[in-house]
Each structure stands twice: as structure tokens, then as C-alpha cells.
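No lab work stands behind these numbers, since they all come straight from the coordinates. Treat the numbers as computed from the prediction; the structure is a model and nothing was measured. Note that we place each Cβ from the backbone using ideal geometry, even for glycine, and neighbour counts take in every protein chain shown.
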């Protein structure tokens, strides 16, 4: 089942879409890096799906669940012919009720590092039933739900994922506090929020009340990447998404990412992709 006309007609009333993808619809929609306006949940029940979430590539197999958080870039690279995916895509960031906000935020921080979960068969069935319910909600004509009700759908998913992650951590005995990991998680959250206007290591170090040298050393040790690597990857993926999926001019894209002029943006983009923005847009 692919997104129906009635589902698309409800987008003015609903802030999310839900569908069962057996026709590689998601590969068409995410053929190029797409920045998420809200959380994206993909449950694989059959076949294989290879996708990129933010900075890393993953292969979804049966009984795996992938989560793309608001602001992340997602690209579907390939799907097997027999692939079946249950997909929920929120069109905006959904606010959690205050008493659940802290828990949802903590779980989301963990999903930055590990956005794909392996599920037991019974857990897959539970998520599948929940996804089925949301698919049916989307198919109802003229459905009207408050933003608070829709927010709860997203919160239920996040909290359910958190329970699974917590059990996995206990089983694997990895629920150990690591200051370096916490620093990286905090940094990534800050970068996601600010990369379109701030690319300076000093800015992020100041925000985190750390010295630039300590922050850089910690990030390199934990991730194997420099802070500049992480920021540049996000900037370039943002630019790629806008070049492929919007009608913005190259100059408008350059300004949206806080480049002083189109020439500087072009050199920056070519350094990381090997081609000019115009060449990339025309490929």
C-alpha cells in the first residue's frame, strides 16, 4: 500500500503521514538527502533497505526500526524488490507534554548515536500494530485531531523505543556513564540546531563551557572525526538537499547557510563533493 490520495488530502489536518511501503515509494521521496521537519520512523518487516541517516549508512533487515529525528538528513539508497516498510513521517516537530518532555529528550539524545534498533519478533508485532493504527487514521476522511493528540503519537513511539533501548543496555551491560559520549551527544544537538549559521569550533566550545582544545580532542577520540568534519557534512548535505529538492537559487542557498557570497559557497561545496553546486543540481 502506498500513500493514498485521501491521505495526502488530510495533510492540512494531520501533521503526519503513515503508510505501508511495498512499491519503493520512500526511495522516490528520499532519493536525495532530505532534511526532516519532524521525526521519521521506519519499521522493516521484509526484505532489505539501505539508507543514510545523518552521517552514517545503515541496512534495515526484518525486525529493525530506524528513527530519523527532526533536522536529520535521510536518504534511501536502495531497497530489495521484496522490501516491506511501515513508515510514519511527522511534518513538524511535535511538542511533548511537560511531564514526558525530559524522558523523550533523553531518549532522543541516545537515538542521535544509535538510530537503528534490532527488535524481537513480538516487539516487531507490537510496533506493526501501532503503525497499522496510524495508517488507518490517515485513511479516515476529514479526520481532525488536535496537535496535542498528534504529539502523543510521537511521544508514545519515542517512549516505546526508549524502553527497548533501556532493556538492551541492561542486557548488554553497557549502561555505563561516559563523559566523552555525553559531550559528543551535547555537541551534536548544538550543531544540528546551529550549523546553518555557526561553523566555528570556538562557538560550540563556548556554548558548552569547554576549551576548544578539550572539545576537539574529546570528539576526535570518541568519533574518529574532527568537529569541522561533522559540521561540514551537515552543511554539505543541507546544500545538496536544497539543490535537488527546492527551487531556491544557488545564491539563496548560500545565504541560507550563512556564506558571505556565492563564490565562497561554491569553493566550499566543491571541496567536499568534487563538483560545483550547479553541476550537482544538474546531475
Relative counts (whole %) of C-alpha pair distances in region 179-282, using bins that are 5 Å wide: 2, 13, 23, 21, 14, 13, 9, 4, 0
Note on region 226-283: contact order normalised by length, alpha-carbon pairs under 8 Å, 6 or more apart, percent, works out to 29 percent
How high is the relative contact order of region 175-238? Use alpha-carbon pairs under 8 Å, at least six apart in sequence, and give a whole percent. 37 percent
Provide the packing ranking of 186-196, 16-26, 213-223, i.e. peptides ordered by the mean count of other C-beta atoms within 10 Å per residue, highest first. 16-26, 186-196, 213-223
